[in-house]
1. Say R0 is 41 Å: what FRET efficiency, to the nearest 0.05, do residue 43 and residue 241 get from their beta-carbon distance?
2. Based on the mean of other Cβ atoms within 10 Å per residue, sort peptides 46-52, 187-193 so the most packed one is first.
3. Rounded to whole Å and sorted largest first, list the principal axis extents of the Cα atoms in region 212-272.
4. Gain in length, residue 33 to residue 145, computed as 0.36 nm per residue apart minus the alpha-carbon separation, to one decimal in nm?
5. Across region 9-84, what fraction of all alpha-carbon pairs, as a whole percent, falls in each successive 5 Å bin from zero upward?
6. Taking a temperature of 4 °C and a viscosity of 1.567 mPa s, what whole-number D in µm²/s does Stokes-Einstein yield for the chain with Rh from Kirkwood over alpha carbon pairs?
7. Is it possible to state the helix-based mean residue ellipticity at 222 nm for the chain, with each DSSP H run of 4+ residues giving -39500 (n - 2.57), the sum divided by total residues, to the nearest 500 deg cm²/dmol? What is it?
8. Given Cα pairs under 8 Å that are at least 6 residues apart, what percent is the relative contact order of the chain?
Ligand code: UDP
Ligand code: MG
């Protein structure tokens, strides 16, 4: 493809959510300093401090004072990565925006390739993890299952093994900013907005410092957030389950009545009765629980609370 856009005179915003990342901050900025000058664009580094308790904000303050390209949005407490990312995207002013993990698991060396594809006309260029060997086997398996399930159920498939690491044109960022929902399942929203998208494979390295901020409990909740935000299939499936159960019940009733008419009355049957009652009860509880998952999230949305609150903005012109 012939170039459709040029990076000359454009500004790139890096958006970096940070929760207790002070240990890796020096390495991060060193790597950015090594990579970004060759990109040929003006740079803005939007760091979102997501309620860190380890001095991340103070370290960022020092950086921002020394370097006008560094801007800091400090949230009033820990709101979670999706909210921090949303805050960063809303604060970013660049013509192209790249969200980046602070732990260098999203290699900044890839941004050059992203930019080249953007110049060719793609609005979204996302990194695709070629292998996930840096993740544990358990995490890989559960993640794989989740993506398979999500893509079967949702109308807006998430590209396989794509994360938040991507380059977005200003138009895409503006589209994301218009989405009013509080449940920010970014991977799903990235897919929902559409535009011309391309993937670039890369090998995801292990964390540069510290440990993953995600526990399995958090990941489980995250998976539920994603599924409920992008498909109502878990709600609708109960209609089918109910119809099948009703058909089975009618068949069983006909069989039992027929047997009484032919063989005569049959008093024992406690075991089969209990099995049916318990099974039906369990199904109803599951159905109610799933209903609860949706109703609870609707309650969160209806309250219209902001996705995040800002305590302080550092280095912005306004
Ligand atoms: N993060 C955040 N708020 C949180 C948890 C994480 O801003 O509540 C940031 C974190 O500092 C990092 C990025 O999100 O820059 C990815 O987090 P992490 O590396 O723990 O996730 P993983 O790579 O294990 O998916
Ligand atoms: Mg990480």
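1. Here the calculated transfer efficiency is 0.15.
2. By packing density, highest mean first, the sequence is 46-52, 187-193.
3. Taking the Cα atoms of region 212-272, the three principal extents are 66, 23, 9 Å.
4. 36.6 nm
5. It works out to 3, 16, 26, 26, 16, 9, 3, 0, in whole percents.
6. Stokes-Einstein gives a translational diffusion coefficient of 58 µm²/s.
7. The helix-only estimate for the chain comes to -16000 deg cm²/dmol at 222 nm.
8. Once divided by the residue count of the chain, the mean separation gives 23 percent.
Every number in this text was worked out from the coordinates using simple rules, so none of it is lab data. What you are looking at is a predicted structure, and each value in this text was computed from that prediction instead of being measured. Cβ coordinates were reconstructed from backbone atoms using ideal geometry, including for glycine residues, and neighbour counts include every protein chain displayed.
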